[in-house]
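Here the structure is laid out as structure tokens; the discussion comes afterwards.
Any read-out appearing in this document is the output of simple, stated calculations on the displayed coordinates, not a laboratory observation. Small disclaimer: the values here were computed from a predicted structure and weren't measured.
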Amino acid sequence: MEPEMAKLLAGVGAILAAISPVERIVGIIGVVLFLVGAISLADFYGDQKMKDDAIYWFIFIFIALVVLIVGASLGVLSLPALMTGHLLAGGFGLGAFLATLVIAWILFITSARRFRSMMSAVASRSGESMFQTAGSLYYWGAVLVIVLVGLILIAIAFILAGIAFLVMKTPAKTQT
């Protein structure tokens, strides 16, 4: 894929991903576009680590979301037991819910480390420092997502990454 198209996909995808907490389907499409664009740029640059970081970022995010869905299901299923006085069953479900929240949070932070590394690689290749800022905001957003303020930081990080992709100069091919 041409670098101009990869920049466009990653930039538009990042901006669409920023609205994923509000509009899930558009956000998912944005994440996929962002991933395809980032992988294409990594291929263009011949940077296997950047490509691996993009792929692992996505894998960890996907697993974290599956864990959250399972945890939310366990939490919802434990509510009737708690309401009817079955404290052992309800407590087990609630404990499982809290455990899955912690596991998902750890996976989310792990994915954020990959995202930050990918953004650092793009920043060093393109000379666009906004990528560094986006990577740092995303990381701290992942750390703070447990208190929900992190979702705002992640949205801002995606917007900054999208703008950075859209304004970066056409990359010159380099060898690693």
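Where does the chain land at 222 nm, in deg cm²/dmol rounded to the nearest 500, when only DSSP H runs of n ≥ 4 count, each adding -39500 (n - 2.57), divided by all residues?
-30000 deg cm²/dmol
Just to confirm the number: angle between the C-alpha axis of helix 149-167 and the first principal axis of the chain, 0 to 90 degrees, nearest 10?
Rounded to the nearest ten degrees, it is 20.
Report P(r) for the stretch 1-65: all Cα-Cα distances, bin width 10 Å, range 0 to the bin holding the largest distance, values in whole percent.
Over the stretch 1-65, the share of Cα pairs per 10 Å bin runs 25, 50, 23, 2 percent.
In whole Å, what are the extents of the chain along the principal axes defined by its C-alpha atoms, from largest to smallest?
Reported extents, whole Å, longest axis first: 66, 28, 25.
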